[in-house]
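Engineer: Provided herewith is a single structure, encoded as structure tokens, for subsequent inquiry.
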Amino acid sequence: MVLLEFSMSPFDKGESLGEYVARSLDIVDRSGLPYRLTPMGTIIEGEWDEVMAVVTACFERMSQDCKRVSTSIRIDYRAGPGGRLASKIATVEGKLGRKLST
């Protein structure tokens with residue numbers, strides 16, 4: 001199972017990029033994969049081919065009208081079942097003995 005964190009933005013569209021981020025998040029949300037949006041990127045959980053297909057779809061959509069696209073990707077693979085988006089946070093909260101504001 002893979003946790004993939006990515007951020008993608010155009011370099012040729014000025015400072016306000018919310019429109020482009022929203023287009024990517026629409027693709028992520030419609031994928032049906034578990035995900036978490038953060039202020040600096042998006043984390044998707046799934047099998048390798050599934051998460052890479054989502055990133056590819058986001059890139060293909062953005063490159064339709066953006067001449068330069070910056071993409072950052074981090075991948076954490078671990079054999080076994082899914083559910084790590086929540087379980088990794090729960091583990092840390094358990095060790096602290098309290099909920100975190102995530």
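Engineer: Less than 24 Å apart at the alpha-carbon level, and either on another chain or at least 8 residues along: which lysines does that give for Lys67?
Structural biologist: Here the lysines satisfying the reach criterion relative to Lys67 are Lys13.
Engineer: Give me the lysines in straight-line cross-link reach of Lys88: C-alpha distance below 16 Å, same-chain residues under 8 apart excluded.
Structural biologist: Result set, ordered by chain and number: Lys99.
Engineer: Test of understanding: given the chain, find the longest segment containing no GluC sites (Glu not before Pro) that are in a DSSP loop and have at most 14 other Cβ atoms within 10 Å.
Structural biologist: 48-102
Engineer: Work out from phi, with θ = phi - 60° and the Karplus expression 6.51 cos²θ - 1.76 cosθ + 1.60, the ³J(HN,Hα) of each residue of region 41-53, listed in order in whole Hz, and give x for Gly and Pro.
Structural biologist: x, 9, 10, 10, 10, x, 6, 3, 4, 5, 5, 5, 5
Engineer: While we're on this one: What are the ³J(HN,Hα) couplings of region 68-79, residue after residue, when phi is run through the Karplus curve with 6.51, -1.76, 1.60 and θ = phi - 60°? Round to Hz, x for glycine and proline.
Structural biologist: 9, 10, 9, 9, 10, 9, 10, 10, 10, 9, 8, 4
Engineer: With Cβ to Cβ distances under 10 Å as the rule, what net charge do the other residues near Lys13 carry (K, R +1; D, E -1)?
Structural biologist: Local charge sum for Lys13: -2.
Engineer: Within region 1-53, which chymotrypsin sites (Phe, Trp or Tyr not before Pro) sit in a loop by DSSP and count at most 15 neighbouring Cβ atoms inside 10 Å?
Structural biologist: Within region 1-53, the qualifying chymotrypsin sites (Phe, Trp or Tyr not before Pro) (loop, at most 15 other Cβ atoms within 10 Å) are Phe11.
Every read-out reported here was derived from the displayed coordinates using simple, explicitly stated rules and does not represent laboratory data. Predicted model only: the values in this text are computed from it and were never measured. Note that each Cβ is placed from the backbone with ideal geometry, even for glycine, and that neighbours are counted across all protein chains shown.
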